[in-house]
1. Set the Förster distance to 22 Å, then compute FRET efficiency between residue 93 and residue 70 from the Cβ-Cβ distance, nearest 0.05.
2. Could you tell me how many cubic angstrom of Cα convex hull volume region 36-90 has per residue?
3. How much length would be gained if the chain were fully extended between residue 85 and residue 58, taking 0.36 nm per residue of separation minus their Cα-Cα distance, in nm to one decimal?
4. State which helices in the chain qualify, where a helix is a whole DSSP H run, it must extend 30 Å or more along its own axis by its Cα atoms, and its mean Kyte-Doolittle hydropathy must be at least 0.0.
5. Roughly how many nanometres apart are two label points built 7 Å out from the Cα toward the Cβ at residue 40 and residue 2?
6. Over all Cα pairs of the chain, how is the pair count split among 5 Å bins, expressed in % and running from 0 up to the last occupied bin?
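Just so it is clear, none of the values below were taken in a lab; they were calculated from the coordinates. Predicted model only: the values in this text are computed from it and were never measured. Cβ: placed from backbone, ideal geometry, glycine included. Neighbour counts: every protein chain shown.
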Amino acid sequence: MDEELQEKFDEVKDLITPTSVSRWIVRSVASIGAGFVATKLVKTYVPTDNKKQELQVAVGAYVIGGMAGDAAAEWTAKQFNEYLDFVKGIISSVKSKTSTEETTPEDIPTE
């Protein structure tokens, strides 16, 4: 049993990196926050006259909240990846300089 468990762990250990965990946390927080705000806005500002309308608004609010959460998660993941690529570009630019050369601000990419 231990060998089987070790094999499964070896398969996924490279997938769990600090970067992937950070991306997941940032994406989850953005998704939950945006979904909560959208749900509250719909529930608060859509007028209802009876119980049937209240139920319809509640269901609609959760659907809209879910859609807003998904959109926020996708946008956040895209921004995170762009930022990560930017940082990797800076690091590779600095590493490519030899120790005898001096790095100037012009050598660091701005976009």
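1. 0.05
2. So the per-residue hull volume is 53 Å³.
3. The span from residue 85 to residue 58 would gain 5.7 nm if fully extended.
4. Counting only whole DSSP H runs, the qualifying helices are 18-45, 51-96.
5. Here the answer is 5.1 nm between the modelled labels.
6. Each 5 Å bin holds this share of Cα pairs: 2, 10, 11, 11, 10, 10, 10, 10, 8, 7, 5, 3, 2, 1, 0, 0.
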